[in-house]
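Contents: one structure, followed by commentary.
The values are calculated or read from the model by the stated rules, or taken from the named source; none is laboratory data. Please read these numbers as outputs of a predicted model, since none were measured by experiment. Note that we place each Cβ from the backbone using ideal geometry, even for glycine, and neighbour counts take in every protein chain shown. Protein only, heavy atoms only, side chains kept; ligands, DNA and RNA dropped before computing areas. Shrake-Rupley method; radii C 1.70, N 1.55, O 1.52, S 1.80 Å.
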Amino acid sequence: MYNFNVKYDFDFITPQSPHWPEDVQDLQKLWFCGDISLLDEPGLSIVGTRHPSSRGMQLTRDAVDAIGDEFVIVSGLALGIDGTAHIQALARNFRTVAVLGTPIDAVYPKEHEMLQEMVAKCGLLVSQFEPGTKVQKYFFMQRNLTMSRISRASLVVESGDGGGGVSQARYSEAGGKPVLIFRETYENRTYLWPRSFSSPVIVDKPKDITRHLKARLRLNNQPLQPELFFVDNH
């Protein structure tokens with residue numbers, strides 16, 4: 001089920017590293033492969049179901065296109081929305097970080113072995129789990145918690161009630177970070193979760209994500225890089 005024959009080298013950082021994410025306070029190590037400096041830059045998690053609709057996949061691609069010049073694309077390398085986000089980021093030469101639910105020396109799902117190698121080469125892989133550790137089901141929920149802490153905010157594109165993306169959004173909200181939801185998802189009465197958050201950021205179109213996110217981060221007094229402040233004349 002899990003391939004431990006990875007084709008890349010890896011290392012780890014500790015809380016003493018200048019690259020350690022300040023909101024990650026309950027771990028002693030983060031294993032990584034790739035450009036560790038991506039943890040210094042503002043990232044947006046794009047997450048959702050492993051079985052997206054064609055509309056969900058298109059919204060994911062459009063979201064990546066809309067924000068990739070200014071925010072690092074963070075996701076969990078799962079099938080569906082996660083994989084689509086990473087693939088679109090790589091295709092557009094945007095920065096992307098994959099937070100793994102397995103040790104850094106394992107690959108899951110097997111369908112994403114090549115994708116994991118590409119992210120390792122062109123972006124960053126991160127795992128909180130000791131290399132060689134037997135993978136447990138709860139690892140993936142722990143991964144979502146860590147991903148929420150690494151990112152400035154979480155965008156849930158599509159998800160069923162109780163999905164991992166929804167759990168991550170709850171972690172984000174609990175940590176005082178914005179939760180973004182597309183309006184068409186928010187108004188979809190098939191699911192309860194979109195309307196269960198106290199103050200979600202409702203986004204009409206992918207092109208609006210950056211504007212909403214900057215406004216919310218400024219309100220929360222979260223520092224952004226100077227170049228992120230610009231006048232949108234469109």
How many residues does segment 135-168 hold that are surrounded by fewer than 19 Cβ atoms within 10 Å (Cβ to Cβ) and under 9 Å from the mean Cα position of the chain (by Cα)? 0
Would you check which residues across segment 137-172 are outside any helix (DSSP H, G or I), within 12 Å of Tyr191 (Cβ to Cβ) and without any contact (Cβ under 8 Å) to a residue 60 or more places away in the chain and list them? Asp161, Gly162
Taking segment 185-196 and keeping only residues that are surrounded by 19 or more Cβ atoms within 10 Å (Cβ to Cβ) and out of contact with any Pro (no Cβ under 7 Å at 6 or more places or on another chain), one is left with Trp193, Pro194
Going residue by residue through segment 155-162, is there one that turns out to be within 24 Å of Ser37 (Cα to Cα) and at pLDDT 95 or above? yes
Contact list please: Cβ distance under 9 Å, first residue in segment 107-131 and open to solvent by 40 Å² or more (accessible area, probe 1.4 Å), second residue of a type in the set (Lys, Arg), pairs at least six apart or on different chains. Glu113/Lys7; Glu117/Lys7; Cys122/Arg95; Glu130/Lys29
I'd like the residue in segment 171-184 that is over 11 Å from Leu155 (Cα atoms) and over 14 Å from the mean Cα position of the chain (by Cα) and, out of all such residues, is surrounded by the most Cβ atoms within 10 Å (Cβ to Cβ). Glu173
